[in-house]
Structure formats: C-alpha cells, structure tokens
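**Q** I am attaching a structure below and will ask some questions about it afterwards.
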Amino acid sequence: MHELQVTKRILDIALEHAKEQGVHQIAVIHLRIGALSDLEDEWLQRYFTYLSRGTLADEARLAIERVPIVVRCSGCAESFEVEKSALDEAVCPGCGGSRCELVSGREYVVANMEVV
Amino acid sequence: MDEVRLIEIAEDIHADNELVARELRIRLGDEKVFLVNLMSAPGSGKTRTILRTIEELQTQLRCGVIEADIDSKVDAEAVAAEGISAVQLNTGGFCHLDATMVAQGLDQLELADLDVVVIENVGNLVCPAEFDTGAMLKVMILSVPEGDDKPLKYPLMFSLCDVLLVNKIDYLEFDLSDFDVAKLRERVRKLNPEIEIFEISAKTGEGVGEWAGWLSREAKRFLAD
C-alpha cells in the first residue's frame, strides 16, 4: 500500500494551510476517507508521526472519519448505505432492485485541523 | 495558553495528481493519442493480453506500450520483441503509477507516430485504483484462476473501471475450476452497472477479436473528435 505517499500529501496540505494562517502548532488533523479505501489508519498515523518530526505538525494526531459506502438504486433512485463486505448482496430497500451506482465511499479529503 | 482554533481545509488528498492527470488528458486530446490504463493482479496475463490486442489493432491503429514494474524490464522486452514501441518505467518500489510518472513515460515515445498507448500498470488490484493516470479508458483483467469472488475483496477497482476482461477462460473447459462467470458478472454489475465485460483467452485468442473491435471503435471515435 501507498500510505507513505498519501501521508506525505496530508502533511504538505496541512503545513501549507498552517503557514498561510500563522499557526504555531497543529494538534489534530481531521480526515474523511471513504470506506472503500484500503488505507490502514494505524499506518497512516505511524508514517505521519515519522514524517512530521520537527515540523509544525510534530505530535499531531490524525482523526480519521470513515465515510460510509452509499449507493443509489438505478431503478427507483433511492440512496442507501451498504457495508463493504455486503456490497455483493446490496438490495434496494425501496423497490428490491439490485442495480446500484456508488454515491460515496471513495473520499480522500483533509477536512479541517485543530491548531494553536 | 493559546486558544485552539479550527481551520477549514476541505482539500482532496489526490487533487495534485488529478490536476496533472487532467492536464495530461487535454494534452493527449490535442496530440490525438488514446491512452488506456490496464490494471490487474500479477500473473493475470496483462502482457500477453496487450500483445494479442495490439496484434488485432495494428492493421488500423499505431500502438505503443508503457510498461510499469517495480524493478525489472522483462515485460518491456517481451513487447519490444514483437516490434512494438515500448517504454519501461521502473517505479522504484512504488505500488502504482501516477499521472506524473505516465507523463514521463509518454515523453519517451514518439507520440506523433502513435494513435493508441496502453499502460501496463503495476500488478496490484489495490493501489492503482486510487491514482488517475490521465488515461481515457480504465481497463482491468481478472483471470479465471484468481476466483470469481475478487469483486468482494477489491470493490474499488471493480467500481471504477470502464472495462473488465475476464481472461484465461480456456481454464473453464476443464472441470478444475469452480469459477462462475454468471456470478462474477452479477457481482461486478452491483458495483458498476455500466462496465463492459469481455470474456477472453489471451492464450488461445478466443474473444480477443470482440474486445479489440470494441476498443478500436472507442479509439477511433476519440481520434475523430
């Protein structure tokens, strides 16, 4: 997996915004990551701790919110949430249809950060 | 003690790569090159599928290949041995190609002499799914020996590809395999109702004509625009 490369981007984005806003210390970075992603939270944090040493984000915590997988029924347009492991059995609660398109679950967003 | 404040960011982690990918697509639109990103697990038959496909296309379209590997040039040599323009990119340990790496690969090809370029991505069903390479078409291979349950393990890849090639269908003739093509189609369509599915054997050539015909029509439509 490419946690290291993604972590580097997260750090770059956070530092860029911190610099613009005259931040002294970044405490928490909130991420929104789609449930379809295979990125491991633990490794993101470990790499982040390593990469951020000596920067404004030193000792910052990554708070990762998993965005649920939501699909929209191609038949009746109802949207509903599905577990990743149950995508195979997804059936529309509205009309019983089984053809769906993905609405969310692929997100990779730095949402906001708590700073001092 | 300074007060903690919240800074809104709302920035996509992949935005930088996606910007490079969009610019690359515009450039290739101007230069009239149809770029195809081919992804699959290791050993699914990417290289042979590319060779078979280009064999079908090359009477009408000029084709080149970008080979990506972590650290070897076996595939590029196999492609070049068939007289096809090929560039080898070693990703230096990276598990996927991104748009910047693909742009560097394209710089090593004579694009004015090419209509179609196929990227053979790193063998991996996880990471390449997350990086836009600038291609106009995303194609994946699932081969019969890998099993029909793979959409359950790698839903992201299946959800975003335009085409699925089910390769090594010659294995289905033997009773060795319990691979269920109908079940696979059903699982994949759940994730991606629009996906085109072709059953092929790059070894025997079965089904390759139909797939290559479809690809040729897509490429020509793009080149005519």
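FYI, it's all coordinate maths here, none of it is from the lab. Values in this document were obtained by computation on a predicted structure and should not be read as measured data. FYI the Cβ positions are ideal-geometry reconstructions off the backbone, even for glycines, and counts take in every protein chain you see.
**Q** From B:LEU6, B:LEU51, grab the single residue that is of a type outside the set (S, T, N, Q), part of a strand (DSSP E or B) and either within 14 Å of another protein chain (Cβ to nearest Cβ) or surrounded by 13 or more Cβ atoms within 10 Å (Cβ to Cβ) (or both).
**A** Values: B:LEU51 fails: part of a strand (DSSP E or B).
One residue alone meets the criteria, B:LEU6.
**Q** Could you check how many residues of region B:183-209 are more than 14 Å from every other protein chain (Cβ to nearest Cβ), assigned to a helix (DSSP H, G or I) and of a type in the set (A, V, I, L, M, F, W, C)? First the steps, then the outcome.
**A** From region B:183-209, those more than 14 Å from every other protein chain (Cβ to nearest Cβ) are B:196-209; that's our starting set.
Next, from what is left, pick out any that are assigned to a helix (DSSP H, G or I): B:208-209.
Going one step further and asking which of them are of a type in the set (A, V, I, L, M, F, W, C), we end up with B:208.
Count: 1.
**Q** So which residues in region A:78-105 are more than 7 Å from chain B (Cβ to nearest Cβ), charged (D, E, K, R), outside any strand (DSSP E or B) and touching a residue at least 12 places away in the same chain (Cβ under 8 Å)?
**A** Listed by number, the residues that qualify are A:GLU78, A:GLU83.
**Q** Still on this structure, please answer the following. Strands (runs of 3 or more DSSP E) wholly in region A:1-76 with at least 1 residues that are within 25 Å of A:SER104 (Cβ to Cβ), out of contact with any Lys or Arg (no Cβ under 6 Å at 6 or more places or on another chain) and at the interface with another protein chain (Cβ under 9 Å from one of its Cβ atoms) - which ones?
**A** In region A:1-76, A:26-34, A:69-73 are the strands (runs of 3 or more DSSP E) which contain 1 or more residues that are within 25 Å of A:SER104 (Cβ to Cβ), out of contact with any Lys or Arg (no Cβ under 6 Å at 6 or more places or on another chain) and at the interface with another protein chain (Cβ under 9 Å from one of its Cβ atoms).
**Q** Tell me, which helices (runs of 4 or more DSSP H) wholly within region B:74-163 include 1 or more residues that are surrounded by fewer than 19 Cβ atoms within 10 Å (Cβ to Cβ) and away from chain A (no Cβ under 14 Å)?
**A** By residue number, B:74-80, B:99-107.
**Q** Output the number of the condition that B:GLU31 fails; it satisfies all remaining conditions of (1) more than 20 Å from the chain's Cα centre (by Cα); (2) in contact (Cβ under 8 Å) with a residue 24 or more places away in the chain; (3) within 14 Å of chain A (Cβ to nearest Cβ).
**A** (3)
**Q** Sort out which residues of region B:36-48 are surrounded by fewer than 23 Cβ atoms within 10 Å (Cβ to Cβ) and either within 16 Å of B:GLU77 (Cα to Cα) or out of contact with any Asp or Glu (no Cβ under 9 Å at 6 or more places or on another chain) (or both), and write them in order of number.
**A** B:PRO42, B:GLY45, B:THR47, B:ARG48
**Q** I've got another one for you. Being polar (S, T, N, Q) and more than 12 Å from the chain's Cα centre (by Cα) is the filter; apply it to region A:66-116 and report the residue that is surrounded by the fewest Cβ atoms within 10 Å (Cβ to Cβ).
**A** Out of the qualifying residues, it is A:SER85.
**Q** May I ask you to verify whether B:THR59 is closer than 19 Å to B:SER216 by Cβ, of a type in the set (Ser, Thr, Tyr) and outside any strand (DSSP E or B)?
**A** Yes; evaluated as a whole, the condition is true for this residue.
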